[in-house]
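As structure tokens, the structure follows; a few thoughts come after it.
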Amino acid sequence: MRVHVTDLKPGDTLLRDTFNTFGIHIMQKGHTLQREDIAKLLQHGVDDVDIEEVFSEPADISQSLSSHPLQDAKVQFNSALEGFEDLFLNAAARGEFDGSQVDDKLEPLLTELQEQKDVVSVLLFLNDDNNYTYTHSLQVGMLSYYLATWMGYTEQEAYQAGKAGYLHDVGKSKIPSHILNKPGRLTTEEFEEMKRHTIYGHDIIMQSTGDKISAMVALQHHERMDGKGYPHGLSLDEIHPLSRITAVADVYSAMTTARVYQTKQELLRVLKELHKMSFGQLHAETAQTFIRNMLPNFIGKQVLLSSGEVGQIIMTNPSDFFRPLIKTDKGFTDLAMQSNLDIEEIFM
């Protein structure tokens, strides 16, 4: 079956060897396409390819939803979310939590996510807009886990990164609710109290688990490479490597999640902000590793443009990674060339 490259889907299988217009062999017969393969075909100027036809019975919608590849992860996500709520409320009431429950809730989720490579889909599917504090902590745990693996950490080290990310904001349990949930700008005094959540978090984790690394990450995740962070104004190598990882995950999750005083921002736009922050604030290698591994996950995602059109991300743009090529019903839109258009939202 002959199809245009822009109509290809991950999982399609090439029926014949594929060549570009110069006769150079690009991909072999029988290759099962992934998103990066489709982008490669586009980059080589291939217009049409032959793929194997697949005949299947119409799927039942309810069965399709229940068999979503992230459905099992959703169950574990909800369990870990409930676990963090219990942990947070106990920390608020008693200044400590049951440390034995952390691994019981977190490990099944991170184990489930080992096979999930499309992190953007993970973030879109595993979400709960009803409670920012709990969802944010779980997202930071997941993103810290992924980022540690991308940076070459062992599985045990990556799990430690995920655990530290999961617990990084537990100190907010000691912040008065009128400050924590204030919809407007904090006063100077209120912000000084808010900054103490890093110190509270360190002490709560040490009291509850004795986990020095997670406690250190809770203390340092707002430190910045230029020395302008808090609570101690550390810089460069004074900041623990896992604290640098959690700092990147924390910023990304915070900016892409709705809060009482801030609407969530578009995912690619936040990656661009992270890129700016990698020059002085966030650890450069850590932030840019995150960006480099996140970008391929956007290919194939549906988007809503500021024009009201709905389209699909076809490929990242070599001239501006954060303004990709979009296919709509009207044709192709290169956001790098059309500064008047923006992506308003990204969907699975």
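The values are calculated or read from the model by the stated rules, or taken from the named source; none is laboratory data. What you are looking at is a predicted structure, and each value in this text was computed from that prediction instead of being measured. Note that each Cβ is placed from the backbone with ideal geometry, even for glycine, and that neighbours are counted across all protein chains shown. The protein model used for the area step is the full one, side chains on, heavy atoms only, and it has no ligands, DNA or RNA in it. Shrake-Rupley method; radii C 1.70, N 1.55, O 1.52, S 1.80 Å.
General observations
- The dipole here belongs to segment 156-229: it is taken about the Cα centre, uses +1 on the Cβ of Lys and Arg and -1 on the Cβ of Asp and Glu, and is about 120 debye.
- Relative contact order for the chain, counting Cα pairs under 8 Å that sit 6 or more residues apart, in percent: 13 percent
- Here the accessible area is traced with a 1.4 Å probe on the protein chains. For segment 121-172, carbon and sulfur cover 42 percent of it.
- Of the trypsin sites (Lys or Arg not before Pro) found in segment 186-245, the ones in coil according to DSSP and having at most 12 other Cβ atoms within 10 Å of their Cβ are LYS228.
- Between GLU107, GLU52, GLU193, the GNM of the chain built on Cα springs shorter than 10 angstrom shows GLU52 fluctuating the most.
- Amide proton proximity set for GLU223, modelled H, under 5 Å, gap of 5+: TYR230
- With respect to the chain, whose longest principal axis is taken over its alpha-carbon atoms, helix 241-255 is tilted by about 70°.
- Angle of helix 100-113 to the longest C-alpha principal axis of the chain, folded into 0 to 90 degrees and rounded to 10: 10°.
- In sequence order, segment 302-317 has phi-based couplings of 7, 9, 10, 8, 5, 7, x, 6, 10, x, 9, 6, 9, 7, 6, 9 Hz under the Karplus curve 6.51 cos²θ - 1.76 cosθ + 1.60, θ = phi - 60°, and Gly or Pro positions carry x.
- For segment 67-109, a crude dipole built from +1 on the beta carbon of Lys and Arg and -1 on the beta carbon of Asp and Glu, taken about the Cα centre, is about 140 debye to the nearest 20.
- Accessible area (Å², 1.4 Å probe, nearest 10) - ILE239: 10 Å²
- Each of HIS44 and ASP98 was given a label point 7 Å from its Cα along the Cα-to-Cβ line. The distance between the two points is 5.7 nm.
- Across segment 224-341, Cα pairs under 8 Å and at least six residues apart give a relative contact order of 16 percent.
- Fully extended contour minus Cα-Cα distance, from MET1 to ASP203, at 0.36 nm per residue: 66.4 nm
- Accessible area (Å², per residue) of the chain, counting only protein heavy atoms and a probe of 1.4 Å: 49 Å²
- Counting charges near SER208 (Lys, Arg +1; Asp, Glu -1) among other residues having Cβ under 10 Å from its Cβ returns a value of -3.
- Applying both filters, DSSP loop and at most 14 other Cβ atoms within 10 Å, to the GluC sites (Glu not before Pro) of segment 227-327 gives GLU309.
- Relative contact order (percent, whole number), segment 153-202, Cα cutoff 8 Å, 6+ residue spacing: 49 percent
- With only Cα atoms counted, segment 135-225 has Rg and Dmax values of 14.1, 43 Å.
- Efficiency of FRET between VAL75 and THR21 - r from beta-carbon atoms, R0 41 angstrom, step 0.05: 0.25
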